[in-house]
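**Q** After the structure tokens below, expect a handful of questions from me.
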Number of protein chains: 2
Amino acid sequence: MKKVFILGAGTWGLALAKILDSINNKVIVYSVIEKEIDELNKTRKNKNLDVIFSNTITFTKSLEELDSSDVVIFAIPSIYVRNIAGLVSNHLNNNQLIIDVAKGIEEDTLMTLSEVIEEETNIKDIVAMSGPTHAEEVAINLPTTIVAACKNINKANEVVELFRNTIIRVYVNEDIKGVELCGAFKNIIALATGISEGYGYGDNIKAALITRGIAEIRRLGLFLNCHEQTFSGLSGIGDLIVTATSKHSRNNCCGYYIGKGYSIDESIKMVGMVVEGLNALPAAIKMANKYNIDMPIIKAVYDIVNGKDVGITINELLNRPNKSEIE
Amino acid sequence: MKKVFILGAGTWGLALAKILDSINNKVIVYSVIEKEIDELNKTRKNKNLDVIFSNTITFTKSLEELDSSDVVIFAIPSIYVRNIAGLVSNHLNNNQLIIDVAKGIEEDTLMTLSEVIEEETNIKDIVAMSGPTHAEEVAINLPTTIVAACKNINKANEVVELFRNTIIRVYVNEDIKGVELCGAFKNIIALATGISEGYGYGDNIKAALITRGIAEIRRLGLFLNCHEQTFSGLSGIGDLIVTATSKHSRNNCCGYYIGKGYSIDESIKMVGMVVEGLNALPAAIKMANKYNIDMPIIKAVYDIVNGKDVGITINELLNRPNKSEIE
């Protein structure tokens, strides 16, 4: 039995809380948003998850139990990771297993979120968990695979043990940089597939956008010395597939509304949750420019989000010069 | 303007006929099934395609125009390719562009279909075309990408030119073996995702089956000296994505019925068209055994098709020892 402290009470943090509680860990869920905790304590429900949380899960506004926890999970929107990491820094120590499940690249520094947490907390060997994992399905015990990535593979293996005998099957990977790049930028490709669908295009071009989309993330990753197989793995193409084809995906939905002709603000409002792909766009464009990497799909999404006509942009993308698949 | 002779009047052959006719090629569609040709001449429709064929397309029971055609496309179910190739052999010559769009591996010989055609006709440099290309979408002019694969890249480039100014965007690839392996075996993975969905599982595990499914096809391909990037390409993961997630996919549908508990025969009957994944299974198992390649998902589908309980098989698959994603 481990004491698990989850920072963030969004759908993914809550789904993980439910799974880890179900195998008798002591689970504490914390949020800085006080009304979120009040609501959870009152109803023991979240409107997006089809589950009632067991009384053995603690919902709290206090960081008190953090110091004595064995496992700490960052499950907050990407843009808050640096602040929260700074906030909790004094409560963490090197014996704890620190896991990040937020996905993003910081715009100003181009750091991955595990790097941000490391910088703010001075803890080494943060583990990033990423994969095709809709919270809605995990919450109702549907089987799911995920990657635990860490330069120190022993830490990744601790995550395998943590989730043993649950519906979550964990694969390990030492290429944390590649895993985090995929996690951040797949949401942009999901915006692209949503836009294409909203515009009236079909499954053929959606599959092409997914395939060529991960190819451009891979191109960036290989330049940054990531491992090729990461991009073909569960946190790479796997996560992208579920994000770009599933009815649960917020990024895909948001893109769909944009493709239908709604404004960005209207589209975000209709989704009603954080759309990480929009947050990740500036960092992706900065990296493409800085390292001179050809990322035409991400560039097209960026152009559309900044007002360029959807039809013109898609057709320019389709009419690039023909080329070989093998680079 | 080219003279294009299409062998086979199924949905894919007809969709290609429509596209090539639309840019003013002389298109002739042939079938050995006489009533198929009679029906097409009478109605100029196919029940699965939302299109009326132009009068400029010729539907014929005769091979007469084959000798003088510039382009010949094999668009027939995989199991008939050897017979038809033998049948038309005397009508073909080395100046023609010969394209195979059928997908499969011959069970007895473990040859790809381009190899079968080459053997039967003594024509070199057959091109295999493969990718995420539902005929239903191509027929209504939705944009689509595809790979033209040939050891002789000039022949592949002829296909690029053939489809220029259509909604089909062609990428080239010299790794024809890899392209054909993917085309044949992706249908088995689509059966697996269908089975999982029919059994009640969700999008998370579907994405995992797709990701780990192409990983086992890649493993086989790398052993046979194929190019790694083929498996991450449009004819690899791209085609698998559309086959395993699209409502148009027969293999996915057939798997869905199997997962729901219908017999194999009932499931095939409900799909009402050729289910290539079932045809490809024996060859896949033979190759896995012959070359000693670990292909657990394909093996699981084979077991289920041969009567093993769906739930037990899926759970055995999910409870294999944990491992690293990087091989």
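Just so you know, all these numbers are worked out from the coordinates, no wet-lab data involved. The shown structure was predicted, so the numbers you read here are calculated from the model rather than taken from an experiment. Reconstructed Cβ throughout: ideal geometry from the backbone, glycine too, with neighbour counts over all protein chains shown.
**Q** Select from A:Ile264, A:Asn292, A:Ile312 the residue farthest towards the positive end of the dipole of segment A:262-327; place +1 on Cβ of Lys and Arg, -1 on Cβ of Asp and Glu, and compute about the Cα centre.
**A** Positive-end residue among those listed: A:Asn292.
**Q** On to the next question. How shielded is B:131-140 by partner chains, expressed as the average number of their Cβ atoms within 10 Å of its Cβ atoms?
**A** Per residue, the average neighbour count from other chains is 4.
**Q** Using amide H atoms built 1.01 Å from N in the peptide plane, name the residues 5+ places from B:Lys26, or on other chains, whose amide H lies under 5 Å from its own.
**A** Excluding prolines and chain starts, which carry no amide H, the hits are B:Lys2, B:Lys3, B:Val4.
**Q** Going by C-beta contacts inside 10 Å, put A:Val271, B:Val179, B:Val27, B:Val172 in order with the fewest on the left.
**A** Ranking A:Val271, B:Val179, B:Val27, B:Val172 by Cβ neighbours within 10 Å, fewest first, gives A:Val271, B:Val172, B:Val27, B:Val179.
**Q** With a ≥ b ≥ c the root eigenvalues of the C-alpha gyration tensor of segment B:160-239, is it rounded (a/c under 1.5), prolate (a/b larger than b/c) or oblate?
**A** oblate
**Q** Suppose every K and R has +1 on its Cβ and every D and E has -1 on its Cβ; what is the size of the dipole of the protein assembly as shown about the Cα centre, in Debye to the nearest 20?
**A** Charge dipole, the protein assembly as shown, about its Cα centre: 740 debye, nearest 20.
**Q** Go ahead and estimate [θ] at 222 nm for chain B from helices alone: -39,500 (n - 2.57) per DSSP H run with n ≥ 4, summed, over the residue count, rounded to 500.
**A** Result for chain B, helices only: -15000 deg cm²/dmol.
**Q** Among B:Lys151/B:Lys323; B:Lys2/B:Lys186; A:Lys206/B:Lys323; A:Lys3/A:Lys42, which pairs are too far apart, with a Cα-Cα distance over 29 Å?
**A** B:Lys151/B:Lys323; B:Lys2/B:Lys186; A:Lys206/B:Lys323
**Q** Next question. What is the packing order of peptides A:227-240, B:96-109, taking the mean over residues of other C-beta atoms within 10 Å and listing the highest first?
**A** The most tightly packed comes first, giving A:227-240, B:96-109.
**Q** Set Lys and Arg Cβ to +1 and Asp and Glu Cβ to -1, take the dipole of the protein assembly as shown about its Cα centre, and tell me which of B:Val179, A:Cys182, A:Phe53 lies farthest positive.
**A** A:Phe53
**Q** Decide, for segment A:194-234, between rounded, prolate and oblate: order the square roots of the alpha carbon gyration tensor eigenvalues as a ≥ b ≥ c, take rounded if a/c falls under 1.5, and otherwise choose prolate if a/b is larger than b/c, else oblate.
**A** Prolate shape, in that a/c is at least 1.5 and a/b is the bigger ratio.
**Q** Now, a different point. Between the alpha-carbon centers of segment A:200-267 and segment A:120-144, tell me the distance in whole angstrom.
**A** Computed from Cα coordinates, the inter-centre distance equals 19 Å.
**Q** With +1 on each Lys and Arg Cβ and -1 on each Asp and Glu Cβ, how big is the dipole of chain B about its Cα centre, in debye rounded to the nearest 20?
**A** In total the dipole reaches around 540 debye.
**Q** Output the antiparallel fraction of DSSP beta bridges having both residues in the protein assembly as shown, as a percent to the nearest 5.
**A** 15 percent
**Q** Can you sort A:Met1, B:Met270, A:Met295, A:Met111 so the residue with the fewest Cβ neighbours within 10 Å comes first?
**A** By the 10 Å Cβ count, ascending, the order reads A:Met1, B:Met270, A:Met111, A:Met295.
**Q** Further question on the same structure: Once you wrap a convex hull around the alpha carbon atoms of segment B:143-292, what is its projected area averaged over all directions, in nm²?
**A** So the Cα hull casts an average projection of 9.4 nm².
**Q** With only Lys, Arg, Asp and Glu charged, each at its Cβ (+1 for the first two, -1 for the last two), find how big the charge dipole of segment B:231-327 is about the Cα centre; round to the nearest 20 debye.
**A** 100 debye
**Q** Follow-up question, since we're still on this one. In units of 2.2 N^0.38 Å, what is the alpha-carbon radius of gyration of chain B?
**A** Rg over 2.2 N^0.38 Å, computed on Cα atoms: 0.97.
**Q** Take every DSSP beta bridge with both residues inside chain B and express the antiparallel ones as a percent of the total, to the nearest 5.
**A** Percent antiparallel among DSSP bridges in chain B is about 15.
**Q** Viscosity 1.306 mPa s, temperature 10 °C: Stokes-Einstein D of segment B:33-136 from its Kirkwood Cα radius, in µm² per second?
**A** D = 105 µm²/s.
**Q** Per-residue mean of other chain beta-carbon atoms within 10 angstrom of the beta-carbon, peptide A:228-236?
**A** The shielding value for this peptide is 5.
**Q** Can you tell me how segment B:84-226 classifies by the Cα gyration tensor, rounded, prolate or oblate, using a/c under 1.5 as the rounded cut?
**A** Since a/c reaches 1.5 and a/b is larger than b/c, the shape of segment B:84-226 is classed as prolate.
**Q** Whole percent per 20 Å bin, from 0 to the bin with the longest distance: what is P(r) over all C-alpha pairs of the protein assembly as shown?
**A** Whole-percent P(r) values from 0 Å outward: 19, 50, 25, 5, 0.
**Q** To continue, here is another question. Grab the eigenvalues of the alpha-carbon gyration tensor for segment B:240-327, scale each by 5, take roots, and send me the semi-axes largest first in whole angstrom.
**A** Listed largest to smallest, the semi-axes of segment B:240-327 are 23, 15, 14 Å.
**Q** Ratio to report: Rg/Rh of segment A:1-43, with Cα atoms as the point set and Rh obtained by the Kirkwood method; give two decimals.
**A** Ratio of gyration radius to Kirkwood radius: 0.97.
**Q** So which helices of chain B fit the span-like rule, where a helix is a whole DSSP H run, its Cα atoms reach 27 Å or more along the axis, and its mean Kyte-Doolittle is at least -1.0?
**A** Passing helices, by number: B:176-199, B:203-223.
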